[in-house]
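The values are calculated or read from the model by the stated rules, or taken from the named source; none is laboratory data. Note that the coordinates shown come from a computational prediction; the quantities given were computed from them, not determined experimentally. No Cβ is skipped: glycine too gets one built from the backbone with ideal geometry, and neighbour counts run over all protein chains shown.
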Amino acid sequence: MNNEEKILLMLEGLVADVKDLKTDVAGLKTDVAGLKTDVAGLKNDVQVLKQDVQVLKQDVQVLKQEMKEVKQDLRDVKDRLIIIENDHGQDIKALYDRYSLTHDICKEIREEIGKMSARMARQDDHITLLQAK
């Protein structure tokens, strides 16, 4: 094999290697283009996430304010309940005491009526016996 043939073989090998390199570079370009698309999608997703986080932060601020208002309302209700208990507690106790006293009196009256009914029944029997004689 002479030098020209050797050079020709080397050039053919170089051409094949260049073709392979071109194919590899084209594949890399495709991969890079895909990566660029993915990065653009990620950037968009990050932007959406930032917006969502901002909305969440605003919602948390609103919830914090509402929680403060609810706590204040609860304090107000507790304070009013204490006032009501103080103002009306004695009245309620007095009403209960009056109810208990009325109940006891009614019980005594029922017992007395029962005794009177028994006495009247005996008197009726006595009158009937006297009239029969």
**Prompt:** residue 67: without any contact (Cβ under 8 Å) to a residue 24 or more places away in the chain and loosely packed, with under 10 Cβ neighbours inside 10 Å, yes or no?
**Reply:** no
**Request:** Return the pairs, sorted by first residue and then second, in which the second residue is assigned to a helix (DSSP H, G or I) and surrounded by 10 or more Cβ atoms within 10 Å (Cβ to Cβ), the first residue lies in the stretch 1-23 and is free of Cβ contacts under 8 Å to residues at least 40 places away in the same chain, the beta carbons are less than 9 Å apart, and the residues are 6+ apart or on different chains.
**Result:** 1/9
**Prompt:** From the list 87, 20, which one is surrounded by 10 or more Cβ atoms within 10 Å (Cβ to Cβ), of a type outside the set (Lys, Arg) and assigned to a helix (DSSP H, G or I)?
**Reply:** 20
**Request:** Tell me which residues, restricted to the stretch 90-116, are hydroxyl-bearing (Ser, Thr, Tyr) and exposed (fewer than 10 other Cβ atoms within 10 Å of the Cβ).
**Result:** none
**Asked** Given the residues 101, 81, which is the only one that is over 42 Å from the mean Cα position of the chain (by Cα) and at pLDDT below 95?
**Response** 101
